Every structure is written in structure tokens, then in C-alpha cells.
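First up is the structure itself, then whatever we jot down about it.
The values are calculated or read from the model by the stated rules, or taken from the named source; none is laboratory data. This one's a predicted model, so the numbers in the text were calculated from it and none came from an experiment. In this analysis, Cβ positions are derived from the backbone assuming ideal geometry, glycine residues included, and neighbour counts consider all displayed protein chains. Ligands, DNA and RNA are excluded from the accessible area calculation, which covers all protein heavy atoms including side chains. Shrake-Rupley method; radii C 1.70, N 1.55, O 1.52, S 1.80 Å.
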Amino acid sequence: MTTAAIMVVTKYDLRLTFSQHFLCGGIAGMTAKTLTAPLDVIKIRTQVGSYETRGTLPDSVRHIYKHGGLKTFWKGNFVSCCRLLPFSVVHLAAFYRMKRLLADPCGRLSPFTALLAGGGAGLVATLVLYPSDTIKTRLIVQPVHPEMMSYR
């Protein structure tokens, strides 16, 4: 095998079953999403120009906490966690399909074609699940006061 080609096929890992892999991946993904949710809230509010995020990062954190409390940092997290499973399924299915389309007759991919397959799969998964991102963003940027809320 040349250094320009990498092998796509990996040896099957018998230590965990498919469902255990799936469960571990889901738990890891939801844990990571939940732990980074406050950063996502600050990022999205900064992107939309929310008045709480004018200033430094510590000022933004203080303003968001002052106006909405601690739970505000996890707005939209449930939708985000629910999105993880279908995103992973679509991403992996698209990736394996693109690997088969781009692989040479021996089943190998060059680094460029592997990058192309991964990027294409990410694009497909993002396009399919974009509406859930819109829902998450709308939940994050809506006002905290119950009488001003548009979405529950």
C-alpha cells in the first residue's frame, strides 16, 4: 500500500456490541452537548446581537444570568440533545455511502477522498436536520419572561 492511500475497512471490535456502542456514543454526545450548552447560548446570542452580549464575555455571562437565571444557559439543550441521534444516523449512513462511491476497486480512499466523504456526509446531515437548529436558535434568543415567550 502506498502512503497516499489509507484503508477504510477497520477490524471489528468485539469488546462492545453494536447497541452498547450506540448507547455509549449517545450518552457521550448528550453529555458533551449539555456541558457546552452555556457556551452555545452565549455564542448564539452574540451572533444575533442580543443586548445581553454587548461587552466582554464575563459581562455577557453576568447579564444573561441576571435577566434569566441559571436555566437560561441551557435553553434549547433538549432540542439539541434530541437532534444528536438522527444527526449521527444520517451522518454515518451518508459517510458509508460516500465511502463506497469514492473508494477505489480495492476499497481504499486517498486522504483527499476520505476528507470529501466526511465533508459531504456532514453537509447532508446538516441539511436534513437544519430545521432543528432553527428551533434551538429560536428557543435560545426568545425573551425569558413568560408573557413575551413565543415558543415553549
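Treating r as the C-beta distance of ARG97 and THR17 and R0 as 30 Å, the FRET efficiency rounds to 0.80. Each label was represented as a point 7 Å from its Cα along the Cα-to-Cβ direction; for VAL89 and TYR130 these points are 2.1 nm apart. Extension gain for TRP74 to LEU116 (0.36 nm times residue separation, less C-alpha to C-alpha distance): 11.7 nm. Per residue, the accessible area of region 48-141 comes to 61 Å², computed with a 1.4 Å probe over protein heavy atoms only.
Of the accessible area of region 26-152, computed with a 1.4 Å probe over protein heavy atoms only, carbon and sulfur atoms account for 70 percent. Accessible area of VAL48 (1.4 Å probe, protein heavy atoms only, ligands and nucleic acids ignored): about 90 Å². In this simple spin-label approximation, HIS67 and GLN47 carry label points 7 Å from Cα along the Cα→Cβ vector, and these lie 1.8 nm apart. With unit charges on the beta carbon (Lys/Arg positive, Asp/Glu negative), name the residue among GLY49, PHE73, LEU127 whose Cα is farthest towards the positive pole of the charge dipole of region 42-152. With unit charges placed on the Cβ atoms, the residue in question is PHE73.
Once Rh for region 43-103 is found with the Kirkwood sum over Cα pairs, what is the Stokes-Einstein diffusion coefficient at 4 °C and 1.567 mPa s, in µm²/s? The calculation lands on 90 µm²/s. Extension gain, CYS106 to ARG54, is 13.2 nm, computed as 0.36 nm per intervening residue step minus the present C-alpha separation. For region 70-126, the extents of the C-alpha atoms along the principal axes are 54, 17, 13 Å, listed from largest to smallest.
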